[in-house]
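See below for the structure under consideration.
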Amino acid sequence: MSAHTAHLPATETHTPAALGYRMPAEWEPHEATWLSWPRPDGISFPDSYDRITPTLAAMVDALADSESVHINVCDAAHEALVRSHLGQVQAKSDHVTFFHIPTNEPWCRDHGPIYLTRDAAPRMAIVDWDYNAWGWKYPPFDFDDDVPKRIAEQQKLPIYFPKMVLEGGSIDVNGAGSLLTTKSCLLNPNRNPDLTQKDIEQRLRDFIGVTNILWLGDGIEGDDTDGHVDDLSRFVSRTSVVTVVEEDENDANHEPLETNLHALHGMTAEDGTPLEVHTLPMPHKIVRDGQRLPASYANFYIGNAVVLLPVFADPCDKWAVAVLEKAFPSRRIVPIDCRELIWGLGAFHCLTQQQPRLP
């Protein structure tokens with residue numbers, strides 16, 4: 001199937017799942033990590049752009065011995081600016097390739113391509129979900145919505161259009177048929193008001209290749225995405241998850257996270273195996289300008305050789321490192337201070353999107 005023919009609407013017998021495609025788990029081998037570098041005039045980091053670029057450069061540097069990094073920039077001037085940011089902190093950059101694909105904001109997990117793989121040719125494809133900036137919260141978003149199509153054209157890959165709004169941070173998969181998500185986000189009427197839960201589940205099955213959809217409830221306070229699962233619970237193996245808990249019963253996050261924890265203990269993987277549930281702490285509340293920020297250790301990114309972990313100069317940082325060291329014994333856990341980055345209401349998982357490596 002050519003990239004051109006894959007632009008046609010998928011029929012029931014020609015959906016990616018019917019054609020043998022699936023979305024690999026994040027811990028499966030990567031060819032590259034995609035980023036969309038923030039624009040100085042963007043709205044994600046008001047008055048703090050210069051304070052977050054060292055954190056972004058540290059992220060790029062930490063991936064140098066793990067995999068290639070592909071960075072979307074608006075144009076040659078933006079590329080030169082990013083190169084200067086990397087150079088200022090002596091970040092490694094030989095593993096970096098720049099793509100002149102303009103974006104509105106840097107959250108590549110949500111607007112970037114979701115890659116699918118299969119054994120038959122063409123072995124890789126892209127799903128281009130509709131994107132509306134988390135329920136029309138931050139227009140304009142036309143550049144962001146166009147990113148998967150632009151990348152598919154550059155890479156000459158088939159592309160499929162489910163005709164449904166979905167951000168990458170709202171789902172997490174184990175690569176074998178199970179998918180975690182939240183009702184507070186995916187069933188929010190600001191995403192797909194004309195689709196029922198059954199409709200949404202069918203599209204997830206058809207376009208990601210999952211069979212077992214696991215629904216959690218509400219997200220954490222301060223999360224402007226209406227409850228992305230990548231701030232809550234993540235697969236760390238086919239049958240194991242980590243999930244954040246808040247021990248302070250007076251904290252607004254305590255009850256919803258307890259509810260999610262209880263739900264996970266009753267869930268199984270696609271073959272009926274009960275999920276093994278490990279808990280991550282929540283950092284202490286971070287408030288800036290009267291706004292609670294959605295700081296969460298669950299927003300880590302799994303690279304080939306490293307796990308990038310957001311930390312917050314918090315007593316729980318070391319606890320979070322220890323949990324992930326146990327979950328990923330073959331990878332190096334890289335804690336990076338995200339006290340400035342979280343002002344943009346996201347961290348490393350929100351900023352990244354993996355491109356699988358074909359065996």
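A few points about this structure:
- Inter-residue pairs, beta-carbon under 8 Å, first free of Cβ contacts under 8 Å to residues at least 40 places away in the same chain and under 10 Å from residue 86 (Cβ atoms) and in region 52-67, second in a helix (DSSP H, G or I) and hydrophobic (A, V, I, L, M, F, W, C), 6+ apart: 57/86; 60/86; 61/86
- Note on region 307-336: among residues that are out of contact with any Lys or Arg (no Cβ under 9 Å at 6 or more places or on another chain) and of a type in the set (Phe, Trp, Tyr), the one that is surrounded by the fewest Cβ atoms within 10 Å (Cβ to Cβ) is 319.
- Count - residues of region 86-98 that are outside any helix (DSSP H, G or I) and surrounded by fewer than 17 Cβ atoms within 10 Å (Cβ to Cβ): 5
- Residue in region 3-11 that is at pLDDT 95 or above and either over 22 Å from the mean Cα position of the chain (by Cα) or closer than 19 Å to residue 350 by Cα (or both) present: no
- Taken over region 239-263, residues that are out of contact with any Pro (no Cβ under 9 Å at 6 or more places or on another chain) and crowded, with 20+ Cβ neighbours inside 10 Å amount to 7.
- So residue 339, is it under 30 Å from residue 124 (Cα atoms) and either out of contact with any Lys or Arg (no Cβ under 9 Å at 6 or more places or on another chain) or at pLDDT below 95 (or both): no
- Every residue from region 130-162 that is in contact with a strand residue (DSSP E or B) (Cβ under 9 Å, 6 or more places away or on another chain), within 21 Å of residue 228 (Cα to Cα), in contact (Cβ under 8 Å) with a residue 40 or more places away in the chain and not aliphatic (A, V, I, L, M): 132, 135, 144, 162
- Screening residue 189 with (1) closer than 14 Å to residue 172 by Cα; (2) without any contact (Cβ under 8 Å) to a residue 24 or more places away in the chain gives one miss only, at (1).
- Residue match in region 296-306 (condition: surrounded by fewer than 15 Cβ atoms within 10 Å (Cβ to Cβ) and outside any strand (DSSP E or B)): no
- Of the residues making up region 200-207, not a single one is more than 24 Å from residue 257 (Cβ to Cβ), in a loop (DSSP other than H, G, I, E, B) and acidic (Asp, Glu).
- Being within 20 Å of residue 174 (Cβ to Cβ), modelled with pLDDT of 95 or more and out of contact with any Gly (no Cβ under 6 Å at 6 or more places or on another chain) holds for only one residue in 252, 269, and it is 269.
- Looking only at region 163-212, and only at residues there that are of a type in the set (S, T, N, Q) and crowded, with 24+ Cβ neighbours inside 10 Å, the one that is nearest to residue 348 (Cα to Cα): 170
- Only one of 337, 289 that is more than 27 Å from residue 22 (Cα to Cα) and touching a Pro at 6+ places or on another chain (Cβ under 9 Å): 337
- None of 27, 34 is assigned to a loop (DSSP other than H, G, I, E, B), within 18 Å of the chain's Cα centre (by Cα) and modelled with pLDDT of 95 or more except 27.
- Region 116-154: number of residues that are assigned to a loop (DSSP other than H, G, I, E, B), acidic (Asp, Glu) and within 19 Å of the chain's Cα centre (by Cα): 1
- Selected residue [in a helix (DSSP H, G or I), in contact (Cβ under 8 Å) with a residue 60 or more places away in the chain and either surrounded by fewer than 17 Cβ atoms within 10 Å (Cβ to Cβ) or not hydrophobic (A, V, I, L, M, F, W, C) (or both)] from 109, 83: 109
The values are calculated or read from the model by the stated rules, or taken from the named source; none is laboratory data. All values reported here derive from a predicted model rather than from experimental measurement. So basically every Cβ, Gly included, is an ideal-geometry build from the backbone, and we count neighbours across all protein chains shown.
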